[in-house]
Structures are given as C-alpha cells and as structure tokens.
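A short write-up of the structure that comes next.
The values are calculated or read from the model by the stated rules, or taken from the named source; none is laboratory data. Remember, it's a predicted structure, so these values are computed and weren't measured experimentally. Using ideal geometry, Cβ is built from the backbone for each residue, glycine included, and neighbour counts are taken over all protein chains shown.
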C-alpha cells in the first residue's frame, strides 16, 4: 500500500520538506517525484508557477497493523505504547512495551487475542492476501505455552494411570493444538476436541493402547455374578457387557459413552493449520 502527498512551494526543496512533514517521515525514507518545476514571474508580475512535488512511500502490512494497534492502545488508556515489528517468513510479531499493559492481556489472554485478530484484519487488507500477525507482551505467549504444555502432560499422565477422562476449559484453536501436541508425547493418553466455538474444548483420556484401559482399571468394576434375593439354589445371572459405540470421525464429534475411546487425535481444520502463536482464518 502506498501513502502519498502532493505539496507546492516556491522551490523544490521547500515542497519536499512540506511533504515529509505531512507524512510524518524523514525525507531520506521517502521517494519524490517532481511534477512541476518552479517558474519565475515575467517582470516579477505576470505568470510563473510554484514547484509541485509528490512524496510517497510503501507501507507494509505489519506497519499498517502497528499504526492501527497503537491508536487502539492509546484509546484504551495505554500512554505512549511502543511497538516493535519483528518480521518473519509468513508474517510478523508485534512486541508491545510500555506502562499499564495488564489491561491489554486480559483474562487468560482473551483481550490480547482479540487485539491480535483485529490487527490481522487490518494487515490482510493491505495487499488483499493472508498475512499472519502475532501480538506479544513481555514473552506472555511463551509463558502461556509452557503453562499449557505442563498442564496437558500432567493430566495426560493421570489419564494414562487411572483410565479417566478430563475435560479442559474452552480454548482457541492454537492453544488446543498446543494441548494436542503435548499429549501425544505421553504414552497411554490421547486427546480430542468437542463442542462449538467459542466453547470448543479439549478432553484428555486414555488411548487404545493403554493397558489400564484394556484391563478396566479406573473404570467401573464389572460384577461377574448377581446374587439373587430369592432361593439359595437359583443360578446367578451374568452381567451383560456394556456396548461401546463405534467412534465416527467428524469435525465436531459428540462425547462418547463411558469406556469408549476416540481416535488418537481429532482436530478441526483451524487446529491443524494454526501455528503455536495463532492463526487468523478470514
């Protein structure tokens, strides 16, 4: 995207200075096009024309997003926020620094995620193509990732040992992917996602190869015989095994019956394609 301005003055240098001031950029970072050379008046009274200069520069998607974000932060009560752009292969990370940054993060990063989504929309409109924007404050993303990995592995080890399933709180797609990736490293445990956005969440439970699951550990104890309340010589009846519903893969699987185990990994398209720091699907 180009930003440009046209200015007139008595000389070309004066016109360039006016254009640089209007764009708020140093003249060394601008490109100039001389549209009209100055002409002196005849006899100092008639004719003549001022110099006309066009100044312009190309703004990147990250720069556009940073300018938009800075304006939003000021309106949120963050004085003089500093935004550092770290260019990446397919996007950029905007590192935010300043005072009163707690309001930007919000509860479990919800406000930060919302601002990241809006900044991404602005960046994608620059060249009408996908450009990933990630917001970070004081390594919050890294700390959040490590916290999720630790939580996922702890619950996965418990599921592998006891054979019980645990439902986590709703998370966004890339945080769910962090959970799925961490659980895969724990033998005997698996994870899958259920529910609709924004309440879609991860369930961690025993996997098919879990020996505790096959032996029935952690589940209901099966009684092989029932004692009859009637005559003593009556033959006790055997309990029928509970039928396990076959799992049908789908984008939004329903919770399975007790004892059933979903496939090793069930993720939506957003989770499969999202990076560890988030993805914007427009």
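Here are the numbers for the structure shown:
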{"read-out": "Residue match in region 122-143 (condition: more than 29 Å from residue 89 (Cα to Cα) and outside any loop (DSSP other than H, G, I, E, B))", "value": "no"}
{"read-out": "Out of 164, 220, sole residue that is modelled with pLDDT of 90 or more, over 23 Å from residue 142 (Cα atoms) and assigned to a loop (DSSP other than H, G, I, E, B)", "value": "164"}
{"read-out": "Number of the condition not met by residue 99 [criteria: (1) assigned by TED's automatic domain parsing to the domain that holds residue 132; (2) touching a helix residue (DSSP H, G or I) at 6+ places or on another chain (Cβ under 9 Å)]", "value": "(2)"}
{"read-out": "Residue in region 73-80 that is surrounded by fewer than 16 Cβ atoms within 10 Å (Cβ to Cβ), within 15 Å of residue 122 (Cα to Cα) and at pLDDT 85 or above present", "value": "no"}
{"read-out": "Residue within region 140-154 that is more than 30 Å from residue 207 (Cβ to Cβ) and either in the same structural domain as residue 180 (by TED's automatic domain parsing) or without any contact (Cβ under 8 Å) to a residue 60 or more places away in the chain (or both) present", "value": "yes"}
{"read-out": "Residue ID - surrounded by the fewest Cβ atoms within 10 Å (Cβ to Cβ), chosen from residues in region 14-32 that are closer than 19 Å to residue 67 by Cβ and in contact with a helix residue (DSSP H, G or I) (Cβ under 7 Å, 6 or more places away or on another chain)", "value": "26"}
{"read-out": "Which listed residue, of 16, 70, is assigned by TED's automatic domain parsing to the domain that holds residue 127 and touching a residue at least 12 places away in the same chain (Cβ under 8 Å)", "value": "70"}
{"read-out": "Residue 134 vs. criteria in contact with a helix residue (DSSP H, G or I) (Cβ under 7 Å, 6 or more places away or on another chain) and either surrounded by 12 or more Cβ atoms within 10 Å (Cβ to Cβ) or free of Cβ contacts under 8 Å to residues at least 24 places away in the same chain (or both)", "value": "yes"}
{"read-out": "Breaking point among (1) buried (at least 17 other Cβ atoms within 10 Å of the Cβ); (2) without any contact (Cβ under 8 Å) to a residue 60 or more places away in the chain, for residue 99", "value": "(1)"}
{"read-out": "Breaking point among (1) assigned to a loop (DSSP other than H, G, I, E, B); (2) over 38 Å from the mean Cα position of the chain (by Cα), for residue 25", "value": "(2)"}
